[in-house]
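The values are calculated or read from the model by the stated rules, or taken from the named source; none is laboratory data. Quantities reported herein were computed from a predicted structural model and do not represent experimental measurements. Glycine also receives a Cβ, built like all others from the backbone with ideal geometry; neighbour counts cover every protein chain displayed. Side chains included, ligands, DNA and RNA excluded: accessible areas come from the protein's heavy atoms. Shrake-Rupley method; radii C 1.70, N 1.55, O 1.52, S 1.80 Å.
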Amino acid sequence: MPSNQDFKVTPDFWYSELIHSNTAMRLNLPNTPTEQHKQNLIEACTNLWQPMRKLLDKPVHINSGYRSLAVNNAVGGSKTSAHSAGFAIDFTAPSFGNPRQIVKFLADALPKNGIKFDQLILEFPDSSSAWVHIGYKNRTGNQRGQILTAKKVGGKTQYVAGVQ
């Protein structure tokens with residue numbers, strides 16, 4: 001439910017969605033972005049997430065957007081996580097398909113439509129809680145166009161190129 005400080009960033013995304021974190025809510029951790037991170041969220045939403053949503057033509061459910069340092073540490077996120085800069089979201093779109101179908105579609109559709117991104121990751125496709133990670137830029141502002149699959153191997157996360 002939108003709060004008094006909430007606002008619509010684009011036709012399909014509210015600011016509250018972009019700063020949502022299931023972990024922050026569960027652990028009652030602060031998750032307020034800096035002004036720069038707020039601007040990064042707006043830029044990423046305008047230039048990537050809204051165009052992506054239009055291509056999918058289905059609702060997107062964000063389970064992790066911006067992550068404060070405390071939230072990023074709680075989820076075991078990378079120190080260089082784009083989430084902590086306001087450049088990445090993790091989401092599902094059940095009415096479109098499963099995360100593998102979403103990543104395969106976007107891996108083709110984003111470049112075809114001239115939409116730049118940093119990373120598109122199929123996260124843990126063999127689990128019942130798989131999701132899609134999409135990053136607009138990395139923390140240094142690059143857009144590498146990487147398409148990866150993350151899997152647990154021996155208890156550690158490994159990233160492999162492409163959709164596996």
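Open to solvent by less than 40 Å² (accessible area, probe 1.4 Å), out of contact with any helix residue (DSSP H, G or I) (no Cβ under 6 Å at 6 or more places or on another chain) and either assigned to a helix (DSSP H, G or I) or aromatic (Phe, Trp, Tyr) (or both): does that describe VAL103?
Against the criterion (open to solvent by less than 40 Å² (accessible area, probe 1.4 Å), out of contact with any helix residue (DSSP H, G or I) (no Cβ under 6 Å at 6 or more places or on another chain) and either assigned to a helix (DSSP H, G or I) or aromatic (Phe, Trp, Tyr) (or both)), VAL103 qualifies.
Please pick out the residue among ARG67, ARG26 that is part of a loop (DSSP other than H, G, I, E, B), within 29 Å of LYS156 (Cβ to Cβ) and charged (D, E, K, R).
Residue meeting the stated conditions: ARG67.
Residue check: is LEU41 open to solvent by less than 60 Å² (accessible area, probe 1.4 Å), of a type in the set (A, V, I, L, M), in a loop (DSSP other than H, G, I, E, B) and out of contact with any His (no Cβ under 7 Å at 6 or more places or on another chain)?
For LEU41, the condition - open to solvent by less than 60 Å² (accessible area, probe 1.4 Å), of a type in the set (A, V, I, L, M), in a loop (DSSP other than H, G, I, E, B) and out of contact with any His (no Cβ under 7 Å at 6 or more places or on another chain) - is not met.
Residue under question is PHE124, and the condition is that it be open to solvent by 30 Å² or more (accessible area, probe 1.4 Å), among the aromatic types (Phe, Trp, Tyr) and closer than 30 Å to ASN28 by Cβ; does it hold?
Considered against the rule, which asks whether it is open to solvent by 30 Å² or more (accessible area, probe 1.4 Å), among the aromatic types (Phe, Trp, Tyr) and closer than 30 Å to ASN28 by Cβ, PHE124 comes out as yes.
Kindly indicate which of ASN73, ASN28 is surrounded by 13 or more Cβ atoms within 10 Å (Cβ to Cβ) and over 17 Å from LYS137 (Cα atoms).
ASN73
Examine segment 44-55 for a residue that is aromatic (Phe, Trp, Tyr) and assigned to a loop (DSSP other than H, G, I, E, B), and state whether such a residue exists.
no
Which count do you get for residues in segment 143-157 that are surrounded by fewer than 13 Cβ atoms within 10 Å (Cβ to Cβ) and modelled with pLDDT of 95 or more?
1
Can you say whether SER81 is over 21 Å from SER127 (Cα atoms) and surrounded by 16 or more Cβ atoms within 10 Å (Cβ to Cβ), as far as the supplied structure shows?
Yes, satisfied.
Looking only at segment 85-98, which residues are closer than 22 Å to ILE42 by Cα, open to solvent by less than 20 Å² (accessible area, probe 1.4 Å) and more than 9 Å from the chain's Cα centre (by Cα)?
The answer is ALA85, GLY86, ALA93.
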